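Quick note: the coordinates plus some simple rules give every number you see, no bench work behind them. Nothing here was measured: the structure is a model prediction, and the numbers come from that model. Backbone-built Cβ (ideal geometry, glycine too); neighbour counts: all protein chains shown.
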Amino acid sequence: MTVSPPVHPADPTEIHRRLEVAVRAAREAGDLVLRRFRRPDLAVEWKSDASPVTIADREAEAHLRRSLEAAFPRDGILGEELGETTGTSGYRWILDPVDAPAPSSAAFRSSAPWWRWSGTGAAWSG
């Protein structure tokens, strides 16, 4: 495996490349979530902090992680459902694929995918 040197976060080529990967991965994760949208058999579990989580949350975050890790193996990732993986690149992805208030989780009526990428001196969200 070839390890490339860190890229300055303001490099427009790097920003564009990261945005392309993030948007593609988010669309794919959205397709996974939509397969479970408003299904009567969608089980909602309650985490220790009393917030809801479903298999759709976990599948979407797992997909985002795989996509980002494949494209940017040295980046860190912090996800709401699957915890943190530290990185060495100086970049960190923060993931919350199905961000829905508790009453609407089963149907995702108010949900919106959320991601954030940050590097030294810069951050982008979507």
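Annotation: amide H-H contacts under 5 Å for TYR91 (H modelled 1.01 Å from N, sequence separation of 5 or more, or interchain): GLY76. The HN-Hα couplings worked out from phi for region 29-45 by the Karplus form 6.51 cos²θ - 1.76 cosθ + 1.60 (θ = phi - 60°) are 5, x, 4, 4, 5, 4, 5, 9, 4, 6, 6, x, 8, 6, 7, 9, 9 Hz, whole numbers, x standing for Gly and Pro.
Placing a pseudo-label 7 Å from each Cα along the Cα-to-Cβ vector at VAL23 and THR88 gives an inter-label distance of 3.2 nm.
Cβ crowding within 10 Å, taken as a proxy for footprinting-reagent exposure, orders ASP11, ASP49 from fewest neighbours to most as ASP49, ASP11.
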